[in-house]
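Structure first, commentary second.
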Amino acid sequence: MQTNFRGRDLIGDLDFTKEEVETVLDVAWDLKRKRALGEPHAYLRDKVLAMLFFFSSTRTRGSFEAGIAQLGGHGAFIDSNTTQISHGDTPVEIGEIFGRYFDGIAIRHCDFGDGNKYLNAVAKSSRAPILNMQCDIYHPFQCLADLMTIMEKKGRDLRKKKMVVSWAYAASYLKPVSVAQSLILQMPRFGMDVTLAYPPEFKLMPEIVEQAKEQARIGGGNFEIIDSKDGMKEACKDADVIYAKSWGPLLTTNDKAEGKRIQDSYKDWIMDAAKLKVAKPDAIYMHPLPADRDIEVTSEVMDGPNSVVFDEAENRLHAQKAVMALTMA
Ligand code: CP
């Protein structure tokens, strides 16, 4: 069991080794149990987490803020628009100054091509750990909660379980690629057979896909890509876990109108009962939320017996508390 976390950043999914991820999950389950029993667990008394948002949030803000409070500390919500960042505060100022005020700096910055660079630049100047609340490349805390949820539903040994990470149509906006990228990096480490499915214009970052293949080789699972125009149903066949969500064609175009036009040509990539039916009968459906209801996924699936989306959202709280307790103590 590896326990050397104090002061460390979590920016990319592979920043923690597989053994360290196992420690995080152990601690997360312990904290989940303590909360259920009403046992105090104020491991971060008097510690303060900065929560700097460049993008909107429901779950991430709520779970980090509740989590740090339950650990005995305080979360300072900071909307980037209310800071002096647009008037000259660079990542150096944020890292140097917030690193002296706070015991951890959590940042959400999802702009494609900018977010991850920003987090890493702040990290270079900060004496406090940087926690990635989602960037353009990774959403590591979502992925830890997802892994925790899958283990709760399918058992701790995930070897040879089939996980489908599928693109789905959405009408609301061009969503980041980070959730899908984090999933394909983390799940193969635990031996899952990962099938990634998307229409041809929705490919992920090639360097992330190469890393995912390498993790699959090490973890002993398969990694397969289905990138045909109508591959969603084929991908779902015999799945144990279906994680179907939208992301933008960000590797194909940086023109939002063109991206929307491409996206609108795949409205049949909706997660529905017909696609769930070809999976294993006890398959689980996952989505990080928010979802475009009855566009990205039918209400029948999202509210149905195979859906675990609310347990998944709850586990954000426990996984994040674990990482905060380990890195900020
Ligand atoms: N899943 C997730 O990150 O949700 P929010 O965007 O609401 O934080």
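The values are calculated or read from the model by the stated rules, or taken from the named source; none is laboratory data. Keep in mind that what you see is a predicted model, and the values were worked out from it rather than measured. Counting neighbours? That spans all protein chains shown, and the Cβs are built from the backbone with ideal geometry, glycine included.
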| Complete set of residues in the range 277-303 that are without any contact (Cβ under 8 Å) to a residue 12 or more places away in the chain and within 16 Å of the ligand (Cβ to nearest atom) | Arg293
| note | Across (1) surrounded by fewer than 19 Cβ atoms within 10 Å (Cβ to Cβ); (2) polar (S, T, N, Q); (3) within 16 Å of the ligand (Cβ to nearest atom), Ser63 clears everything bar (1)
| remark: Reported set for the range 135-181 where residues are assigned to a helix (DSSP H, G or I), within 16 Å of the ligand (Cβ to nearest atom) and out of contact with any strand residue (DSSP E or B) (no Cβ under 9 Å at 6 or more places or on another chain) is Cys143, Ala145, Leu147, Met148, Gln181
| message | Out of Gly99, Gly72, I need the residue that is touching a Leu at 6+ places or on another chain (Cβ under 7 Å) and within 24 Å of Asp46 (Cα to Cα). Which one? | response | Gly72
| Only one of (1) in contact (Cβ under 8 Å) with a residue 12 or more places away in the chain; (2) on the phi < 0 side of the Ramachandran plot; (3) within 16 Å of the ligand (Cβ to nearest atom) fails for Trp269. Which number is that? | (3)
| query | Given the conditions (1) out of contact with any helix residue (DSSP H, G or I) (no Cβ under 8 Å at 6 or more places or on another chain); (2) under 24 Å from Met148 (Cβ atoms), which single one is not true for Val194? | reply | (1)
| Which residue, of Thr90, Thr23, is modelled with pLDDT of 95 or more, in the same structural domain as Gln320 (by TED's automatic domain parsing), more than 16 Å from the ligand (Cβ to nearest atom) and over 24 Å from the mean Cα position of the chain (by Cα)? | Thr90
